Amino acid sequence: MKDIKVFVSSILPVIGIDMLRKENFNVVTWNDKTPIPQDILIKNAKECDALICTLTAKIDAAFLNECSHLEIISQFGVGYDNIDINEATKLGIPVGNTPGVLTDATADVAFGLMIAASRKMFFMHKKIEKDEWKHFTPTSNLGIELKNKTLGIFGLGRIGNEMAKRCKGAYNMNIIYHNRNKNTEAEQLLDAKYVSFDDLLAQSDVLSVHSVSSNETKGIFNKAVFNKMKPTAIFINTSRGALHNEEDLIEALTAGRIWGAGLDVTNPEPMHKNNPLLNMENVAVLPHIGSATVEARNGMSRLAAENIIEFYKNNRVPNLVNPQKAT
Ligand code: GLV
């Protein structure tokens, strides 16, 4: 593959880069931890045949039309809302991603945020730092327990399923879900029940979001929706910040329309350091670290490289997200 040039738009775990170099691809990488500026991304992509990118690269219609010569794009990540898939499809560019390898890592973060929010952990930790921990108080700092509560999953795919397993195993939670399609495996294994979106809102003690970001789901968790949830409910989002309206979430928490929240994704990212969510008692926020384990990131690097290698060697993309591509 000597003449095939691959541009990698972020510093990635070396495993995938080594795989590509072993197959004699000519690999060029952006060597800075900050996201690549758009003009430099375009300039480099123009000189390459294939691209590996991450969620911080804006692969919109303008980019794709300037770089329509690209033969394949491989996204280091399972979500690909930074890529205009319709445009890539129209241009006949196959797009691959890296599902599966980050499922456990992301479910762990959802599960951790649920516990952290339910016991006010991040807020109480800050009390110590601020020298505000003075004594044991029997009636203060009270969280809520999770045992036998109802977990509602919005988007029961791989990650939602692992979150549900953790909640069932640890707390015997009752699992309900709302999805595009019924998940019969989860229904059998976890006794999960499919419910309407309104029933999901009305019945969930913890509502955990695991859906893709799409035109149908963007902004779906808004004021009207938070108003339909239990005042004791905890909202968890580890998928994409675009799914919730952050102003509405702040208002719902402030007004006590819902009880708490755990976010690994925010809207926008990065979250501003003065965001009121960071000082709320029942809220835990993380900076999009769902897939940030050695195991997951190595797996993502490997799968991102495999998409490229298999495309050139065997004319197939193992994790293709746009099989309907025109050419
Ligand atoms: C991370 O957020 C991913 O989509 O892989």
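An ellipsoid equivalent to the chain, defined through the eigenvalues of its Cα gyration tensor, has semi-axes of 38, 22, 18 Å when rounded to whole angstrom and sorted largest first. Determine the alpha carbon to alpha carbon distance for each of LYS218/LYS273; LYS130/LYS165; LYS127/LYS218; LYS58/LYS313 and list only those over 32 Å. In this structure, LYS130/LYS165; LYS127/LYS218 exceed 32 Å between Cα atoms. Take each peptide in 154-165, 285-296, 112-123, count the other Cβ atoms within 10 Å of every residue, and average; sorted highest first, the result is 154-165, 112-123, 285-296.
Only lysines eight or more places from LYS134 in sequence, or on another chain, were considered; those with a Cα closer than 21 Å are LYS120, LYS126. Toward the positive end of the charge dipole of the chain, with +1 on the Cβ of Lys and Arg and -1 on the Cβ of Asp and Glu, the farthest Cα among MET271, MET121, VAL209 is that of MET121.
With K and R counted +1 and D and E -1, the other residues having a Cβ less than 15 Å from that of GLU87 yield a net charge of -1. In this Cβ point-charge picture (+1 for Lys and Arg, -1 for Asp and Glu), the chain has a dipole of about 500 debye about its Cα centre. Seen from a random direction on average, the alpha-carbon convex hull of segment 218-327 projects onto 9.6 square nanometres.
Calculate, in nm to one decimal, what ASN279 and VAL28 gain on full extension: separation in residues at 0.36 nm each, minus their alpha carbon distance.
86.1 nm
Here the contact order of segment 103-285, divided by its residue count and restricted to Cα pairs under 8 Å and six or more residues apart, works out to 25 percent.
So which aspartates and glutamates pass the test for LYS182, namely a Cα distance under 19 Å, with those fewer than 8 places away in the same chain ruled out? LYS182 reaches GLU162, ASP191, ASP198, ASP199, GLU216. Within the accessible surface of the chain, defined with a 1.4 Å probe on protein heavy atoms only, the carbon and sulfur portion equals 51 percent.
With every protein chain present, what is the per residue accessible area of the chain (1.4 Å probe, Å²)? Each step should come with its number before you reach the end.
Numbers: 15880 Å² over 327 residues.
Each residue of the chain exposes 49 Å² on average to a 1.4 Å probe.
Estimate the FRET efficiency between THR184 and ASN86 by the formula 1/(1 + (r/R0)^6), using the beta-carbon distance for r and 41 Å for R0, to the nearest 0.05. Walk me through the intermediate numbers first.
Details: r = 30 Å, r/R0 = 0.73.
Once rounded, the FRET efficiency stands at 0.85.
Within the straight-line cut-off of under 20 Å between alpha carbons, the aspartates and glutamates reachable from LYS46 are ASP3, ASP32, ASP60, GLU66, GLU71, ASP84, GLU87, sequence neighbours fewer than 8 places apart in one chain being disregarded.
FRET efficiency for the ALA224 to THR56 pair, using the beta carbon distance and R₀ = 45 Å, is estimated at 0.90.
The values are calculated or read from the model by the stated rules, or taken from the named source; none is laboratory data. Predicted, not measured: the structure shown is a model, and the values here were computed from it. For neighbour counting, all protein chains shown are included, and Cβ atoms are generated from backbone atoms with ideal geometry for every residue, glycine included. The protein model used for the area step is the full one, side chains on, heavy atoms only, and it has no ligands, DNA or RNA in it. Shrake-Rupley method; radii C 1.70, N 1.55, O 1.52, S 1.80 Å.
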